[in-house]
Amino acid sequence: MTILPLDSRQARIARSLLGEPEVASIEQLAGTLQLTHRVVRYNLPSVESYLADRGLVVRRQRGVGIWVEGEASTRRRILDALDAAPGPAVL
């Protein structure tokens, strides 16, 4: 199976989740990235799949927020890979 790279918007969402050790709401994430919460929600499944294929789990809990679980070294490795290989740009 071929895994498609994240597009530039999805990569921004992934970077934000990986760089944030605390739980954040979708609205906080959207505000930080200057996106709508709808755009963030629409792109989360792709981000979740991408991170899951690399050993991390995105957790979402209503009333609590969203966060990534996994080893710090794995998070750092994925962040470095995202920075090195930007995906297709979203217009």
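Given R₀ = 30 Å, what would the calculated FRET efficiency be for Ala81 paired with Arg38, taking r from the Cβ atoms and rounding to 0.05? Can you show the working numbers first?
Working: r = 27 Å, r/R0 = 0.92.
Computed FRET efficiency for Ala81 and Arg38 comes out at 0.65.
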Check your understanding: Under a plain spin-label model, where a point goes 7 Å from the Cα along Cα-to-Cβ, how far apart in nm are Val57 and Glu22?
Key -> 2.4
Check your understanding: Longest segment of the chain with no GluC sites (Glu not before Pro) in a DSSP loop having at most 12 other Cβ atoms within 10 Å?
Key -> 23-70
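Would you work out the charge dipole size for the chain about its Cα centre, treating the Cβ of every Lys and Arg as +1 and the Cβ of every Asp and Glu as -1, and quote it to the nearest 20 debye? Walk me through the numbers before you get to the answer.
Values: 12 positive and 10 negative charges, 38 e Å.
Roughly 180 debye, rounded to the nearest 20.
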**Study point:** Sum of -39500 (n - 2.57) over DSSP H runs of 4+, divided by residues of the chain (222 nm, nearest 500)
**Key:** -17000 deg cm²/dmol
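Computed from the coordinates by the stated procedures, all read-outs in this text should not be read as laboratory data. The structure displayed is predicted, hence computed values, not measured ones. When we count neighbours, we look across all protein chains shown, and the Cβ atoms used for this are built from the backbone with ideal geometry, even at glycine.
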